[in-house]
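Structure record follows, encoded as structure tokens.
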Amino acid sequence: MSKPMFDAEALIAMFESATASQGAQLRKATTEATMMALQGRELTLKNMRGALKQVAEAASTGIAKNVMPDIDPESLLDQAVAGMDQAMLKAVEANRVALTTLTTQGADLREKHLSKALADLEKMEDTMFSALKKAAAGAGAPMASAWAPVLEKMQAGGTLSGAKAATTAEQMAEQMHTALRQQRAASMRAAQALAESYTAMVSGVLLGMSDALQGSSARKPKAK
């Protein structure tokens, strides 16, 4: 297993000593840990899956060690998942900004790398679910049972980042179609202008040739 790009021990310790009233702090810490993990890698689906899995495992490990009274492991996992979802929202936004910038500069979203980036956006939620499922599968029996309802809720209701990713992909696809329609319209206008220019040029050349012939006839000396 690759070395985490975040302080896994610090996240484990935080969940290990967490109380029921620290939900906001846990979400923030998980978001920051996930962001650190993502920032140390290229934002490919494989790397995102690996980062999410490592963060989920750290949170799960800490919760398993938590012996504080009145602690609900499922509730703490919900906070961890919400934190990771917030980080993924930022990853979606980063993708949107990059794609928008490239298309503004004239890039075609049908190009291989850009079309793959667009397709990957639509797979982000599945990537997150896959990572958490693997983390849950590697947890011990008590934590596995706590993970089950969390994963079930996530699969049934979706995630904020997943919804945002789907909307972004749809918007970028529409932007691509709009750009293509504009390109076609511009091409048609250019072709029409060229055709009109060509016919005008031909008329001008023909007129010039006619004037030249008339001038030549006027200058031609009369036969004796």
**Asked** Considering region 126-164 alone, what residues qualify as being part of a helix (DSSP H, G or I) and of a type in the set (Val, Ile, Thr)?
**Response** Thr127, Val150
**Fill in**
region 1-85: helices (runs of 4 or more DSSP H) wholly inside it with 2 or more residues that are among the small types (Gly, Ala, Ser) and within 24 Å of the chain's Cα centre (by Cα) are 23-39, 45-65
**Message:** Against the condition buried (at least 22 other Cβ atoms within 10 Å of the Cβ) and either of a type in the set (Ser, Thr, Tyr) or within 20 Å of Lys153 (Cα to Cα) (or both), how does Thr30 come out, does it pass?
**Reply:** yes
**Message:** When the residues of region 134-172 are narrowed to those that are of a type in the set (Val, Ile, Thr) and either modelled with pLDDT under 90 or under 11 Å from the mean Cα position of the chain (by Cα) (or both), which ends up farthest from Lys90 (Cα to Cα)?
**Reply:** Thr167
**Item:** Members of region 120-139 found to be touching a residue at least 12 places away in the same chain (Cβ under 8 Å) and of a type in the set (A, V, I, L, M, F, W, C), listed by number
**Value:** Leu121, Met124, Met128, Phe129, Ala131, Leu132, Ala135, Ala136, Ala139
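Conditions (1) touching a Pro at 6+ places or on another chain (Cβ under 6 Å); (2) surrounded by fewer than 19 Cβ atoms within 10 Å (Cβ to Cβ); (3) among the hydrophobic types (A, V, I, L, M, F, W, C); (4) at positive phi, marked per residue:
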{"position": "Ala8", "(1), (2), (3), (4)": "no, no, yes, no"}
{"position": "Glu16", "(1), (2), (3), (4)": "no, yes, no, no"}
{"position": "Leu77", "(1), (2), (3), (4)": "no, no, yes, no"}
{"position": "Asp85", "(1), (2), (3), (4)": "no, no, no, no"}
{"position": "Lys90", "(1), (2), (3), (4)": "no, yes, no, no"}
{"position": "Thr101", "(1), (2), (3), (4)": "no, yes, no, no"}
**Message:** Can you tell me which residue is farthest from Ser60 (Cα to Cα) among those in region 128-175 that are touching a helix residue (DSSP H, G or I) at 6+ places or on another chain (Cβ under 7 Å) and basic (Lys, Arg)?
**Reply:** Lys164
**Asked** Do the conditions hold for Gln39, that is, is it within 25 Å of Ala117 (Cβ to Cβ), touching a residue at least 12 places away in the same chain (Cβ under 8 Å) and of a type outside the set (Lys, Arg)?
**Response** yes
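The values are calculated or read from the model by the stated rules, or taken from the named source; none is laboratory data. From a predicted model like this one, the values you see are computed outputs, not experimental measurements. Using ideal geometry, Cβ is built from the backbone for each residue, glycine included, and neighbour counts are taken over all protein chains shown.
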